[in-house]
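The values are calculated or read from the model by the stated rules, or taken from the named source; none is laboratory data. Quick caveat, the model's predicted, so the values are computed rather than measured. As a convention, Cβ positions derive from the backbone with ideal geometry for all residues, glycine included, and neighbour counts pool all protein chains shown. Surface accessibility is based on the protein's heavy atoms, side chains included, excluding ligands, DNA and RNA. Shrake-Rupley method; radii C 1.70, N 1.55, O 1.52, S 1.80 Å.
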Protein chains: 2
Amino acid sequence: MKIAIDAMGGDNAPEEIVKGVELARDAFPDMTFQLFGPSDRLTPLVRNADRITVMHAASVIAMEDEPVRAVRSKKDSSIVLAATAVKNGEADAFFSAGNTGAVLAAGLFIIGRVKGIDRPALTTTLPVVTGDASGSFTMLDVGANADYKLSNLEQFAILGNFYGQTVMGIKQPRIGLLNNGTEADKGDKVHREAYQQLSESTQLNFIGNVESRELLNGAADVVVTDGFTGNATLKAIEGTALSMMSLIRAKIMGSTSAKVGYVLSRKAFHQVGQVMDYSKHGGAVLLGLKGAVIKTHGSSKAETVRNTMSQIHQIVESGLIQQTIDYFEHERAEKAADDQTEK
Amino acid sequence: MKIAIDAMGGDNAPEEIVKGVELARDAFPDMTFQLFGPSDRLTPLVRNADRITVMHAASVIAMEDEPVRAVRSKKDSSIVLAATAVKNGEADAFFSAGNTGAVLAAGLFIIGRVKGIDRPALTTTLPVVTGDASGSFTMLDVGANADYKLSNLEQFAILGNFYGQTVMGIKQPRIGLLNNGTEADKGDKVHREAYQQLSESTQLNFIGNVESRELLNGAADVVVTDGFTGNATLKAIEGTALSMMSLIRAKIMGSTSAKVGYVLSRKAFHQVGQVMDYSKHGGAVLLGLKGAVIKTHGSSKAETVRNTMSQIHQIVESGLIQQTIDYFEHERAEKAADDQTEK
């Protein structure tokens, strides 16, 4: 499988991106990599060119560039060229740690939506920290769209279900709707209607509403939400975990006996940090596009890039994108046509 | 000042409620308390009746009762009678640890909205955990309304500003709008318009958009949000803090050396728990009503009840409610009339 990489995206590009790609190359013998960026900068960084090709891209979309305008004007940028490789079938997936808005825009305008999908969803996987459930859950949309309507939530549920089956490897993922209470009548009009619609689905294992308080306890395998609430929830989880870690460190460092305690329990702390470092669980996937688009944190280092390649390997190998296309463009479209004929 | 108490609300009622009220009575010499509930259950629990009166209420609204229907039908319930005491001017504040929906409904239908306020806001105070900012921040709405529009957000900002000035004691509270990015163009249409409107206010110290990731770092003193997003954010913070604590405990208990470390650092852990136990910071206040309505967690014990009485003391003493009424019913209404005349 071939991966198109924006080698210039993120705070540690291109060094850490290239390093991470070399780690992934060593780990996955069936993967080949196209590194997009200025060749004079990238070529010297590649230690071993086995299965790694530098693809010259003269310009770079910066973190502060206005996304849509940048994607439209910087035709020779690493983001635009890497996305174009996927569009043209020259690569199976597009990876970037760069400007999130520009990655979204490139995904939408260059690779394009699956027919039948109104809006793609930014999809992220987080660890389950407590309880007996499996080790992670997937949430979508976490910020591709600030506005939303009923059809978006229903499509996100189906996209999430496919993701759960293929990438998470769960036969019947438990689909939950993020809401402000578990009862069926909770939430605004759109969420109440979404609850009804998802309840009636024979395709989905819909388990009802879930509250954000229960997500880290593994309340659902796939959490369906609008991009505004999902973004706020994701960032609240992230911020609280970081604040808790730093608070505990500060409190422990403030007393001598506790400091001794810290030295003894540091391994435990390290493990906790590992669990909460959700970048380890991979990047955010833009589901609903005609190609695999994966975005990691701007702060990603080589290890995260490598782990994200493992996730991409799974996405490509599982045939997730083709499955989505088959369902929305054919199966569902045909069913809709049949329903129409029956009427 | 006189406080009307639903003595039957919450998991630990009436015992812990009565106990907490006695603690508050001993702490605040200028407070008197009316305990609403079945007198045969309450009277034996009161150890010292100084400044505590049992007010007989024959029925109780249960946690699982449908709120609006319960408030309309159970006229002799502790919630309805306590709210009625505030409405009739026989008490300055209404306190409950019971059915949140019923407390909201009693506040709305019995005590009533301030003229000029479309929807009241559930307002909660959370600790600032890191950074140099002050010790807490206030967020509203955290769940009184699932649907919202522009005017609600603007009114919440003004209500939050009064709360910050009076109860938090901050002269010019930093007002932030919870959004999915800090730039002015972030969020859906309503949030973009709210940003504009708040920016133009001469009355508010509006500092722009804040992200949920930064709340515990003290990004703003008052965080304005819609009830759906606010509820998800609050519960995500709460759930993550709880999960982190239990994860750390489990990891530390899993290794012998770490267990020794835990014993040594337990005081630090205890402090962390204290900081994150936001019920210590008081109850949720229903702002925008013609009386003070305060709701604590259903799991509240005597200590929380006592701390919430301290918060209520501050709310009543500060004249927050009258200030809100003066502003919305007179000052603002007159300004609107003047503007109308000028046109």
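Would you mind working out the magnitude of the charge dipole of the protein assembly as shown relative to its Cα centre, with +1 at each Lys and Arg C-beta and -1 at each Asp and Glu C-beta, to the nearest 20 Debye? Don't jump to the answer; show the numbers that get you there.
Numbers: 70 positive and 80 negative charges, 319 e Å.
Magnitude of the dipole: close to 1540 debye.
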Peptide B:219-232 - average C-beta neighbours from other chains (10 Å radius)
4
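Taking only protein heavy atoms into account and a 1.4 Å probe, give the accessible area per residue of the range A:121-279 in Å².
Values: 5580 Å² over 159 residues.
The answer is 35 Å² per residue.
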Taking the dipole of the protein assembly as shown about the Cα centre (Lys, Arg +1; Asp, Glu -1; charges at Cβ), the one of A:A146, B:Y262, B:G164 that reaches farthest to the positive side is B:Y262
How far apart are the B:E183 label points across copies, placing each 7 Å from Cα toward Cβ, in nm, shortest first?
4.1
Using alpha-carbon positions, the gyration tensor of chain A gives root eigenvalues a ≥ b ≥ c; with a/c under 1.5 called rounded, otherwise prolate if a/b exceeds b/c, else oblate, the class is oblate
How many Å² of accessible surface get buried when B and A come together, counting both sides, probe radius 1.4 Å, rounded to the nearest 100?
4300
Sequence order, the range A:10-20: Karplus ³J(HN,Hα) from phi using 6.51 cos²θ - 1.76 cosθ + 1.60, θ = phi - 60°, Hz rounded, Gly and Pro as x, gives x, 5, 10, 7, x, 3, 5, 5, 4, 4, x
Please identify, among B:A146, B:A93, B:A102, the residue showing maximal mean-square fluctuation in a Gaussian network model of chain B using a 10 angstrom Cα cutoff.
B:A146
Qualifying trypsin sites (Lys or Arg not before Pro) for the range A:1-89 [loop in DSSP, other Cβ within 10 Å: at most 15]
A:R47, A:K75
Helix-only mean residue ellipticity at 222 nm for chain A, each DSSP H run of n ≥ 4 adding -39500 (n - 2.57), per residue, nearest 500
-14000 deg cm²/dmol
How far apart are the A:V263 label points across copies, placing each 7 Å from Cα toward Cβ, in nm, shortest first?
1.7
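Probe radius 1.4 Å, ligands and nucleic acids left out: which of A:T304, B:T182, B:T84 has the largest accessible area, and how do the rest follow? Present the calculation step by step, with values, prior to reporting the outcome.
Numbers: A:T304 15, B:T182 80, B:T84 40 Å².
The ranking, largest first, comes out as B:T182, B:T84, A:T304.
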A chain fully extended from A:R266 to A:D185 at 0.36 nm per residue, minus the present Cα-Cα distance, gains in nm 24.6 nm
GNM of chain B, Cα pairs under 10 angstrom: of B:G37, B:G254, B:G282, the biggest fluctuation goes to B:G254
Partner chain Cβ atoms within 10 Å, averaged over the residues of B:137-145 - can you pull that number for me?
1
Just the number, please: carbon plus sulfur as a percent of the accessible area of the protein assembly as shown, 1.4 Å probe, no ligands or DNA/RNA counted.
49
Taking B:H297 in one copy and the same position in all the others, each labelled 7 Å out along Cα→Cβ, what are the pairwise distances from the first, in nm, shortest first?
2.8
What's the magnitude of the charge dipole for chain A around its Cα centre, counting Lys and Arg as +1 and Asp and Glu as -1 at the beta-carbon? Answer in Debye, nearest 20.
980
Test item: A:255-262 mean partner chain Cβ contacts at 10 Å
6
Would you tell me the accessible area of A:E238, worked out with a 1.4 angstrom probe on the heavy atoms of the protein chains, in Å² to the nearest 10?
20
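Can you give the net charge of the other residues whose Cβ lies under 11 Å from the Cβ of B:G107, counting K and R as +1 and D and E as -1? Can you show the working numbers first?
Values: positive: B:K87, B:R113, B:K290, B:K295; negative: none.
Summing Lys/Arg as +1 and Asp/Glu as -1 gives +4.
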The alpha-carbon center of the range B:284-329 and that of the range A:35-98 are separated, in whole Å, by 56
Once the whole set of protein chains is in place, how much accessible area is left on A:Y163, using a 1.4 Å probe, in Å² to the nearest 10?
0
Taking the alpha-carbon centre of each part, the distance from the range B:147-185 to the range B:232-269 in Å is 33
Between B:T202, B:T124, B:T100, where does the largest GNM mean-square fluctuation fall for chain B, given springs only between Cα atoms within less than 10 Å?
B:T202
